[in-house]
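Just below is one structure, and these are the notes that go with it.
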Amino acid sequence: MKPRTKFLISGALVLGLAGFLMKSAISQTGQFYLTPTELAAKMQADPSFSNAGIKVGARVVPGSIKRDPSGKEYAFQVTDGAKSFPVIYRGIAPDTFTDSVDVVVGGRMGTDGTFRANELLAKCASRYENAPVDKYKQTAGYKAAAGRA
Amino acid sequence: MILIGELSLWVALLMAAWSTTVSYAGGAMRRSDLTASGVRGLYATFAMVVLAAVGLWTALLSRDFSLEYVASHISATMPSVYIFTAFWSGQAGSLLFWALILSMYGTIAIATSRKRNAELVPWATGTISAILLFFIATNCFKANPFTRLDFLPPDGRGMNPQLQNFGMAVHPPNLYLGYVATAIPFAFAIAALFTRRLDAEWLGSVRRWALLSWFFLTIGIVLGMWWAYVELGWSGYWAWDPVENSSFLPWLTTTAFLHSIMIQEKRGMLRKWNVVLVVMSFLLSIFGTFITRSGVIESVHSFAQSPVGNWFATFFFLSTGITVYLVGTRLKDLEAKAELESMVSREAAFLYNNLLLIGIAFAVFWGTIFPIISEWANGTKITVGPPFFNAVNVPLGLLLLGLTGVGPLIAWRKASVSNLKRQFATPAIVGLIVAVVLFALGMHSLAPLMTYGLCGFVAATIGQEFTKGVRARRAIHHESVITGFFHLVARNRRRYGGYIVHAGIVMLFAAFAGMAFRTQHDVTLATGQSFEARDPYGHQWKFVSQGVSTSSPRDRLVEAVGLETFRDGKRLGFITSEKRQYLDTQGNPLFGKITEVGIRSTAKLDTYVVLAGVRNTDVAELTISFNPLVVWVWIGGFLMMIGGLVVMWPQAEKRRPQAGYAAVMPTQAERAELAGAV
């Protein structure tokens, strides 16, 4: 066999290995990423869906965050405008987790309609890029300055 | 000056359009007057972009809040250094920064290769100008940094305090310098494809730029990791986030190219492949900018969604289409000039190196875009996280690490058994000993054991090369070990610089494997309470809370907790972690609260303390983690940077042939050096 052929075969084996690893990793660790509306539809179609680990991207309902006295548990509501549901998260929340931020929660939807999260990512548009300047007009500082002028 | 800057941006747009048109026309019609005009157009574009950049910097430094960009990125009280770096902290500014670097690179590349590669110049100039045209047009029409507000705010919104950090000030420009440098090899590859001059000459112009790109990408990525680790408080430095991945992808393809180019130089093989790698590096840089800027993929780095995404997507698909067409129609000109002779040869080792790098790149790419793919295919988004990337990349990465030791030492064409024995017997034994010793010390999981074994093997091959080289110099030139070492590196920068980079890679792998032993504890401590835990090395740690203090320096409110720390009963001092709330000049909170991490760092272990929250004014909620070997990520990264510099440094003087050189028979030591070099 020519070395070139040998290389092509072994190369295909290496790539096959990579492909296999990728496929099995996706089926074992891939997670659905849903909006609350999509999740509600899934749950209705198939109640056993509550066994699957999923991620949900939604917005925290302002004023709904309640912190357990132990400090390690948070209860809050998330919504996408159409559907909303309660979430219980155990763990330490990131700095950016406040009212009405966009969050990604990872965990399972209980049959009682409460989402139990073991992962909480909070992101807000103002984290790396600032809020648009229009919002600035609503701040007390701007109003005070405008009033003086 | 601001007005001049704004106008210059529009003139730059016209100049880039002019240069693109006449350069391509000059190339197609073989008219040198048109080409010369195109080149001057590129230089003029550079000058205009510089003026635009000076305009934006002037606006920032004079704190002209009538500009939206200035008002939304800085505040009056910010330190000047961060006002300067605010240039690239937003979308419009980073596009302008990109254009600035590209026009600078383009000017240098064309000016230095005008004589050498006269045939390629019109096409390369045209391509660089076309890319510039795209960036400047996006800048002018979609994200203009000179847009004015219809009112004058008294102060700006300021910069997120997490970004006011040395790492974050220099991380983005380094990444940009790296990303943009991929455009120059791309332009020359396109020129070579157009003109069908696909011999080694275009590669000569390209290698240095690829190296420069690799160098800046490496610095950018490592600084990004460092920033995430010290600033964000999640006790890690890499999360396989789409934005991180998109900087890693061009790094992988550029690394592959820097290896495969050696095969083309030495043996005339892999000619198609090299063109493909150059093109891929550039397209992945554009892809990276696209996914960072468009928000199509969920990322923690949530930049504002913007219409720039569509422009980038169009540009990406257009460039891909053109290159695929060009490569497809020129396959015949790219036939290899030699065949692979043996599976046990340096060529084969480099081929596998490329295969693995591209395999990793593909896995990372696939994992990054999988949410989009799955939504197309099934209608539901499926995301993959770190488990996916680790499952695929750990085995491939380990194979690659092994090759790092094999590739540089195995013989060209076909390695003999004696070559293999001479080069690899000692390193293989060293690697084995490392693995056995660690196993005996109680490390029983497979992946870390293999990693450290391979690290030992590769480190030994590198050590062996340096020892051989220095010994030969000592014998021939009677130099001391230290002078010998420096001369050795200086006389053969590419080879020994490469080894230095590889040594850095070994450290990185060792550090990555160390994180497998990381432990984390969530702790609640009131004043005077203590917490004890064992670190991964078996030492007993004790942390005693000194209570929570509150203070309000200048522009922030600070809650701080101090922990008196003991290891095995010996007092080590205090570790402090803070929660900060920054305030604007009117005393309103700016952004959310941020964490100031307390880190105690040694060569073996980082003790990482995060104040997660405070209850009842003196109860601190803490996350304490033991992160082994993290320091080696930064040291390894630094070493890679040094190695890159050594490789890039221009050779000061060509070695003059010694008089009567041919008549002198090589001594035994010289023969050894020669044998080592083969």
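A short reminder: the numbers here are calculations on the coordinates, not readings from a lab. All of these numbers come straight from a predicted model, not from anything done at the bench. Positions of Cβ are generated from backbone atoms using ideal geometry, with glycine treated the same way; all protein chains shown enter the neighbour counts.
Dipole of the protein assembly as shown computed with +1 at Lys/Arg Cβ and -1 at Asp/Glu Cβ about the Cα centre; of B:190, B:263, B:75, farthest Cα towards the positive end is B:263.
Taken over the alpha carbons of the stretch B:417-485 as equal point scatterers, the Debye sum produces base-10 log I(q)/I(0) values at 0.13 Å⁻¹ of -0.49. Residues whose amide H lies under 5 Å from that of residue B:572, counting only those 5 or more places away or on a different chain, are B:565, B:566, B:567; hydrogens are built 1.01 Å from N in the peptide plane.
Which of rounded, prolate or oblate describes the stretch B:380-445 when judged by the alpha-carbon gyration tensor and an a/c cut-off of 1.5? Oblate.
Summing Lys and Arg as +1 and Asp and Glu as -1 over all other residues whose Cβ lies under 10 Å from the Cβ of residue B:577 gives a net charge of -2.
Taking all pairs of different Cα atoms in the stretch B:1-153, averaging 1/r and flipping that mean, what Kirkwood radius in angstroms comes out? In the stretch B:1-153 this quantity evaluates to 15.9 Å. Principal axis analysis of the Cα atoms in the stretch B:215-276 yields extents of 49, 19, 14 Å, listed in decreasing size.
Placing +1 on the Cβ of every Lys and Arg and -1 on the Cβ of every Asp and Glu, with no other charges, gives the stretch B:152-293 a dipole of roughly 640 debye about its Cα centre.
For the stretch B:145-150, putting each phi into the Karplus relation 6.51 cos²θ - 1.76 cosθ + 1.60 with θ = phi - 60° gives couplings of x, 9, 4, 9, 8, 8 Hz, in residue order, rounded to whole numbers and with x for Gly and Pro.
Length gained on full extension, residue B:331 to residue B:477, computed as 0.36 nm times the residue gap minus the Cα-Cα distance: 47.6 nm.
The alpha-carbon atoms of the protein assembly as shown define a convex hull whose volume equals 198 cubic angstrom per residue. Here residue B:272 is the anchor, and the lysines within straight C-alpha reach of less than 28 Å, apart from those fewer than 8 places off in the same chain, are A:2, A:6, B:115, B:332, B:337, B:414. Global size of the stretch B:519-631: 15.0, 51 Å for Rg and Dmax (C-alpha atoms, Rg to one decimal, Dmax whole).
Less than 5 angstrom separates the built amide H of residue A:64 from those of A:77, all sequence-distant by 5 or more or on a different chain.
Computed over all pairs of different Cα atoms, the Kirkwood value for the hydrodynamic radius of the stretch B:390-525 is 16.7 Å. If R0 is 56 Å, the Cβ-Cβ spacing of residue A:111 and residue B:10 corresponds to a FRET efficiency of close to 0.35.
Annotation: lysines with alpha-carbon distance below 30 angstrom to residue B:570 (same-chain offsets under eight excluded): B:542, B:579, B:604. Value of Rg to Rh for the stretch B:1-90, rounded to two decimals, is 1.19; Kirkwood radius and Rg both from alpha-carbon coordinates. In the stretch A:1-124, inverting the average of 1/r over every pair of distinct C-alpha atoms gives 16.6 Å as the Kirkwood radius. Net charge dipole, the stretch B:1-153: roughly 540 debye, given to the nearest 20, about the Cα centre with Cβ charges of +1 for Lys and Arg and -1 for Asp and Glu. For the stretch A:30-123, lysine pairs separated by 8 or more sequence positions, or belonging to different chains, with Cα-Cα distances below 22 Å total 10. Stokes-Einstein diffusion for chain B at 25 °C, viscosity 0.890 mPa s, with a Kirkwood radius from C-alpha pairs, works out to 89 µm²/s. Here's the picture: charge each Lys and Arg Cβ at +1 and each Asp and Glu Cβ at -1 in chain B, and of B:416, B:643, B:627 the one pushed furthest to the positive end of that dipole is B:416. In terms of its C-alpha gyration tensor, the stretch B:329-446 comes out oblate, because a/c is 1.5 or above while a/b does not outweigh b/c. Which of the helices in chain B meet the span-like rule: DSSP H, Cα axial reach of 30 Å or more, Kyte-Doolittle mean at least 0.5? Those that clear 30 Å and a mean of 0.5 are B:2-29, B:32-61, B:91-113, B:200-231, B:271-294, B:308-329, B:346-378, B:417-440, B:493-514. Annotation for the stretch B:480-584: trypsin sites (Lys or Arg not before Pro) lying in DSSP loop with at most 15 further Cβ atoms inside 10 Å of their Cβ are B:554.
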